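Visitor: The following block contains the structure, expressed as structure tokens.
The values are calculated or read from the model by the stated rules, or taken from the named source; none is laboratory data. Fair warning: this is a prediction, and the values are worked out from it, not measured in the lab. Backbone-built Cβ (ideal geometry, glycine too); neighbour counts: all protein chains shown. The accessibility values were calculated without ligands, DNA or RNA, using every heavy atom of the protein model including side chains. Shrake-Rupley method; radii C 1.70, N 1.55, O 1.52, S 1.80 Å.
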Amino acid sequence: MTLRGARRETARAPLAATPAGPHIVGVIVTRFAPSPTGRLHLGHAYSAILAHDHARTHDGRFLVRIEDIDGTRSRPEHVATILDDLAWLGLAWDGEIVFQSARLAAYAAALDRLRGAGLLYRCYCTRAEIAAASLAAPHGAEPVYPGTCRKRADDPERPYCWRLDMAAAATQAGPLAWTDHGETIRADPLAAGDVVLARKDAPASYHLAVTIDDAWQGVTDVIRGVDLFAATHVHRLLQALLDLPTPAYHHHPLLLGPNGRRLAKRDGAPALADLRARGVDGRAVADDLRCGRLSNPVDDA
């Protein structure tokens, strides 16, 4: 196993929502929040182990949240498999599992608040239109929305998503920062463009739902892969706009396979369920991952 290095990035604000379950000031709370759209692989296991161990090391709480608001791709059978995988790894969570599909009213209330502040607008563009409009100014792997619908007249009869007017939002929030592994990072949400906060086919985007739920659950430390580092700029802005607390962030390196590429299902990364079915010792796998070893559980199974 090799690790793809991470950069680092927070600040604190008063809690503005009632957390799920008992939360004691000063107690570390982490979470693992997979989407039940497929099976977990070793990269997911690594992230879950880091979050679990951080909480346990500090006598804190480790929560599990199922991010299932994508109704077209989420599957109940994947939820059961995820929980079996965590138990196989020897990871025990605290409290009840939270399902985002039961939290839609909270996301709707946040959207209402942002609309009331004049920070959202309807976008009717298709992905193809956005990609074509972005060709003149490419920005990273994903095209940044060029603001086509920002001044377009509303037509509620057409399918639309809700986008955040990033320039207006950043102006309202002012300078922001967060900490990652203790290093202060200045937030630059403008680089993300006008992100979607409610999709045409889902009541909330990842950005909105994860920000609200981390605050509601009293999460103090967010431990996730460096591939989500850029999203934290947006999350920090939403925390400021919605008067939510800012957790400490710990973006960890990604696991890389023998080919030097990030472990992913499309590249044949072994599913934890397959390793379980082959009789692999899950606790041994977890210990190997803690020690930076990946090859043995895959090659020897």
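Visitor: Could you please report the charge total around residue 126, scoring K, R as +1 and D, E as -1 over all other residues with beta-carbon less than 13 angstrom from its beta-carbon? All intermediate terms of the calculation are to be shown ahead of the outcome.
Guide: On the way: positive: 127, 158, 199, 200; negative: 129, 201.
Counting the neighbours of residue 126, the net charge comes to +2.
Visitor: At a probe size of 1.4 Å, how large is the accessible area of residue 57, to the nearest 10 Å²?
Guide: About 110 Å², rounded to the nearest 10.
Visitor: Suppose each label sits 7 Å from its Cα in the direction of the beta carbon; what would the residue 132-residue 27 distance come out to in nanometres?
Guide: Rounded to a tenth, the inter-label distance reads 5.5 nm.
Visitor: Beyond 28 Å, what share of the Cα-Cα pairs of the range 71-229 is found? Please give it as a whole percent.
Guide: Working: 4074 of 12561 pairs.
Of all Cα-Cα pairs in the range 71-229, 32 percent lie more than 28 Å apart.
Visitor: More than 13 angstrom separation, counting every C-alpha pair in the range 52-113; what % is that? List each step's numbers first, then the result.
Guide: On the way: 1327 of 1891 pairs.
So the portion of pairs separated by more than 13 Å is 70 percent.
Visitor: If DNA, RNA and ligands are ignored and the probe is 1.4 Å, what is the ranking of 49, 97 by accessible area, most exposed first? Walk me through the intermediate numbers first.
Guide: Details: 49 0, 97 40 Å².
Order by accessible area, largest first: 97, 49.
Visitor: With an 8 Å cut-off on Cα pairs and a minimum separation of 6 or more residues, tell me the relative contact order of the range 118-253 in percent. Each step should come with its number before you reach the end.
Guide: Details: 192 pairs, mean separation 33.2, N = 136.
Computed over the range 118-253, the figure is 24 percent.
Visitor: Under the rule of at least 5 residues apart or a separate chain, name every residue whose amide H is placed under 5 Å from the amide H of residue 66.
Guide: 98, 99, 100
Visitor: Tell me the accessible surface of residue 256 in square angstrom (1.4 angstrom probe, heavy atoms of protein chains only), to the nearest ten.
Guide: 20 Å²
Visitor: How would you order 273-281, 231-239 from highest to lowest mean count of nearby Cβ atoms within 10 Å?
Guide: Numbers: 273-281: 14.7, 231-239: 23.4.
The packing order, highest mean first, is 231-239, 273-281.
Visitor: May I ask you to derive the FRET efficiency for residue 84 and residue 167 from their Cβ-Cβ distance with R0 = 51 Å, giving the value to the nearest 0.05?
Guide: Working: r = 46 Å, r/R0 = 0.90.
It comes to 0.65.
Visitor: Using a 1.4 angstrom probe and counting only protein chains, how large is the accessible area of residue 98 in Å², to 10?
Guide: Estimated to the nearest 10 Å², residue 98 gives 20 Å².
Visitor: Could you check what % of the DSSP bridge pairs in the range 150-262 are antiparallel, to the nearest 5? Show your work: numbers first, answer last.
Guide: On the way: 8 of 14 bridges.
The antiparallel proportion sits near 55 percent.
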